[in-house]
Amino acid sequence: NYVIFNGNIIERSEANVDIEDRGYQFGDGVYEVIRVYNSKMFTATEHLERIILSAKKIGMELTYTVNEMKELLTQLITKNSLEHGTIYMQFSRGVAPRNHPYPPSDVAHSFVAYTKEVARPLANLENGVKAILKEDIRWLLCDIKSLNLLGNVMAKQEAVSQGCYEAIQHRGEVVTEGSSSNISIIKDGTLYTHPASNLILNGITRRKMIEVCEKDGIPVVEEPFSLNDLNTADEVFLSSTTSEITPIVQINEKQVGEGVPGVLTKRIQGLFDAAIESECGS
Ligand code: PMP
């Protein structure tokens with residue numbers, strides 16, 4: 001089992017993280033999760049452009065180009081014989097004596113990536129999942145895919161402790177996003193989803209979903225929607241790299257629609273499958 005450690009591919013057991021790595025101490029860094037189907041990365045360019053942008057937003061200028069990262073990650077997939085799974089990658093601001101201000105810019109970023117075998121979540125895709133509602137208590141730069149995930153972790157844990165899959169977060173009346181996914185609703189044949197702003201992560205799955213919907217003639221409205229809109233929606237679903245397009249069939253104690261995955265959600269799943277097939281088909 002191999003990993004990428006500061007640009008080199010080495011055995012996982014050889015990789016050592018310094019106790020003064022700023023990622024470890026401050027959550028000072030950014031990350032990505034990329035899906036691999038049939039040993040090919042799905043929407044890799046979008047993920048790698050996003051990590052460069054996330055880094056830039058916290059004052060880190062990555063020294064790797066999209067193509068350099070792609071090449072390294074492709075080598076890692078091959079080395080680990082990964083067929084279906086995910087790549088986790090992160091850059092931290094590097095190792096320096098613990099002190100809040102950024103260290104000098106000649107301190108090298110720590111770059112780590114590893115692979116994991118993960119099957120497609122077929123049962124959830126077919127049957128849907130349950131969610132809870134949770135006030136969004138996170139900071140105001142949720143567009144950055146930051147290593148600081150405490151708010152997300154706490155929201156997810158609350159969902160799991162109640163036997164649910166996801167926490168749908170809201171700031172007051174406005175639905176923002178899940179703890180590790182974006183949320184969309186369908187009302188009278190139109191898809192509504194929160195616009196890409198500082199209040200959500202602009203999901204790559206979300207963007208692909210919008211693209212395939214627009215191509216297929218499903219109207220998409222990128223506007224904030226309310227808790228009331230959520231409660232009266234015909235269909236609700238979440239989207240993320242690992243969960244793809246997962247129907248939400250119950251929120252707190254209340255069924256969504258008929259309590260089964262909706263017709264349009266299933267159509268969007270089909271369109272998304274076709275996008276995977278066209279990019280990663282064997
Ligand atoms: N929002 C949050 C908070 C997330 O953690 C994720 C998953 N990384 C998403 C949205 C979905 O993003 P993507 O489709 O790029 O995986």
In region 1-76, which GluC sites (Glu not before Pro) are in a loop and have at most 10 other Cβ atoms within 10 Å, using DSSP for the loop call? E61
Phi angles of region 260-268, converted by Karplus (6.51 cos²θ - 1.76 cosθ + 1.60, θ = phi - 60°) into ³J(HN,Hα) in whole Hz with x for Gly and Pro, give 9, x, x, 4, 6, 4, 5, 5, 5
State, to one decimal in nm, how far the label point of E223 lies from the label point of N148, with both points 7 Å from Cα in the Cβ direction. 3.2
Cα-Cα over 29 Å: which of K70/K266; K57/K156; K134/K208? K70/K266
Counting only DSSP beta bridges with both partners in region 122-280, the antiparallel fraction in percent, to the nearest 5, comes to 65
Between the modelled labels at V107 and A196 (7 Å from Cα along Cα→Cβ) the distance in nm is 3.1
Fully extended, how many nm does the chain gain between S282 and Y88 (0.36 nm per residue separation, minus their Cα-Cα distance)? 67.6 nm
From the phi of every residue in region 188-200, what ³J(HN,Hα) in whole Hz does the Karplus formula 6.51 cos²θ - 1.76 cosθ + 1.60 yield, where θ is phi - 60° and glycine or proline is x? 6, x, 10, 8, 10, 8, 4, x, 5, 9, 6, 8, 9
Using alpha-carbon positions, what is the distance between the centroids of region 1-77 and region 203-282, in Å? 28
Distance in nm between label sites at T232 and N8, each 7 Å beyond Cα in the beta-carbon direction? 6.2
Sites L122 and E258 - FRET efficiency at Förster radius 22 Å, r taken between beta-carbons, to 0.05: 0.55
Which far-off residues, 5 or more places away or on another chain, put their amide H under 5 Å from the one on I168, with H placed in the peptide plane? I132, L133, K134
Relative contact order of the chain, please, whole-number percent, based on alpha carbon pairs below 8 angstrom and at least 6 residues apart. 18
May I ask you to compute the full-extension gain from E214 to F26, defined as 0.36 nm times their residue separation minus their alpha-carbon distance, rounded to one decimal in nm? 63.6 nm
Ordered by residue, what ³J(HN,Hα) values in Hz, to whole numbers, does region 103-116 give under the Karplus form 6.51 cos²θ - 1.76 cosθ + 1.60, where θ = phi - 60° and Gly and Pro are x? x, x, 6, 7, 6, 6, 5, 8, 10, 10, 8, 8, 10, 9
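Where a number appears in this text, it was derived from the coordinates with a stated rule and is not lab data. Given the structure is predicted, the values throughout are model-derived calculations rather than measurements. Glycine also receives a Cβ, built like all others from the backbone with ideal geometry; neighbour counts cover every protein chain displayed.
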